[in-house]
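Q: Following this message is one structure expressed as structure tokens.
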Amino acid sequence: MKTFTHIKTISEFHQRNRLPKPEHPLISLVDYSQMYHDEMLLHFTQGFYSIAFKKNVIGKWQYGRQDYDFDEGLMSFFAPNQVLDITIDEQQLKNKPSGWILLIHPDFLWNTELSQKFKQYDFFNYSINEALFLSEKEETIIAQIFANIQHEYASNMDEFSKGIIISQIGLLLNYSQRFYKRQFLTREKNNHEILTRFEKILVDYCSSELLTRQGLPTVSYISEKLHITPDYLSTMLRHITGQNTRQHIQDKVIEMAKEKLSTTSASVSEIAYGLGFEHPQSFSKLFKKRTKLTPLEFRASIKATSVPQ
């Protein structure tokens, strides 16, 4: 059984990785090549944000059943208390990693414009499985921002330093958001394959007894089947179709309801229970929200259009 270690402070992170004490207790910029890797933690959580820009990463990361090549530049984003799970072998310890890890305690953001904005960036809800892969041009931009932060961090910090660092972090996050949008475009084929698998999982669930016994499939259920996080799935679906995961689930249920209303004489209550709704009123409310008609109005409209002229 895996044992997870919680790293509460940035100072503790430095100590565990045999790094010098941080210049500031609430923020640190770590040279990834200087970290101690021979006995690195493999399963841990941390009490602060981390934004990493790395090459030749130590450790094996897997996205579902697909392994990624991490020789190219990549970024990863972690919020406090997210679980980090790494596997390595002796061959990987021969890698010569490089890059930066920016560690930011939530208290450093207090009373700044970024204090609430951090929660609005979807990529802090992603796992390493959805790392951001950078082009050469993008690497240059990100490396320059890290260099700006490093220059300010290494100088004698004064009353202007925090504001300058905060502005650079904001710039870093905005560029990262732009580059993630680009990644969704360049990985269009992979995303459409996920969409196809998503549709099959949804159809299989709705065609089984699970729908009647357990109700509508949850976003978590489908994302676990796809081996990706719920946030990444919804972001990807919105990008391709304009709708999030929950809306897709609702559409599938409405499609099934329309078929039953059109081809059977079952009552609205019977259809609602058969589709996993505990209360028929909830079904009717959803149906009207998605179609602008009540179930009975929809059934009547179908009958009206089928009457011979």
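The values are calculated or read from the model by the stated rules, or taken from the named source; none is laboratory data. Please read these numbers as outputs of a predicted model, since none were measured by experiment. As a convention, Cβ positions derive from the backbone with ideal geometry for all residues, glycine included, and neighbour counts pool all protein chains shown. Quick note on the areas: whole protein, heavy atoms, side chains included, nothing else; ligands and nucleic acids left out. Shrake-Rupley method; radii C 1.70, N 1.55, O 1.52, S 1.80 Å.
Q: Taking 0.36 nm per residue of sequence separation and subtracting the Cα-Cα distance, how much length would be gained by fully extending the chain between residue 15 and residue 161, in nm to one decimal?
A: Length gained, residue 15 through residue 161: 50.1 nm.
Q: Quick one: length gained pulling residue 23 to residue 141 fully straight, 0.36 nm per residue minus the C-alpha distance?
A: So the chain would gain 40.0 nm between residue 23 and residue 141.
Q: Please list 290, 238, 18, 299 in order of solvent-accessible area, largest first, computed with a 1.4 Å probe with all protein chains present.
A: Largest accessible area first, the residues go 18, 238, 290, 299.
Q: Taking the inverse of the average 1/r across all pairs of different Cα atoms in the stretch 187-309, what Kirkwood radius in Å do you get?
A: About 15.5 Å, per the Kirkwood formula over Cα pairs.
Q: Within the stretch 162-241, which GluC sites (Glu not before Pro) sit in a loop by DSSP and count at most 14 neighbouring Cβ atoms inside 10 Å?
A: Qualifying residues, ordered by number: 209.
Q: Taking all protein chains in place and a 1.4 Å probe, what share, in percent, of the accessible surface of the stretch 180-287 do carbon and sulfur account for?
A: Using a 1.4 Å probe with all protein chains present, the stretch 180-287 comes out at 51 percent carbon and sulfur.
Q: Could I ask something else about it? Along the stretch 238-250, what does the Karplus equation 6.51 cos²θ - 1.76 cosθ + 1.60 (θ = phi - 60°) give for ³J(HN,Hα), rounded to whole Hz, x for Gly and Pro?
A: My calculation for the stretch 238-250 gives 4, 5, 7, 10, x, 10, 7, 4, 4, 5, 5, 4, 4 Hz in order.
Q: Turning to a different aspect of this structure: Kindly give Rg over Rh for the stretch 222-262, based on alpha-carbon atoms, with the Kirkwood expression for the hydrodynamic radius.
A: Ratio value, two decimals: 1.10.
Q: So, for the stretch 159-257, what is the accessible surface per residue at a probe of 1.4 Å, expressed in square angstrom?
A: 51
Q: Quick one: what are the phi-derived ³J(HN,Hα) couplings along the stretch 258-265, Karplus 6.51/-1.76/1.60 with θ = phi - 60°, whole Hz, x for glycine and proline?
A: 4, 5, 5, 5, 7, 10, 10, 9
Q: What order do 264, 45 take when sorted by accessible area (1.4 Å probe), most exposed first?
A: Ranking 264, 45 by accessible area, largest first, yields 264, 45.
Q: To continue, here is another question. For the stretch 241-303, which GluC sites (Glu not before Pro) are in a loop by DSSP, counting at most 15 other Cβ atoms within 10 Å?
A: Qualifying residues, ordered by number: 278.
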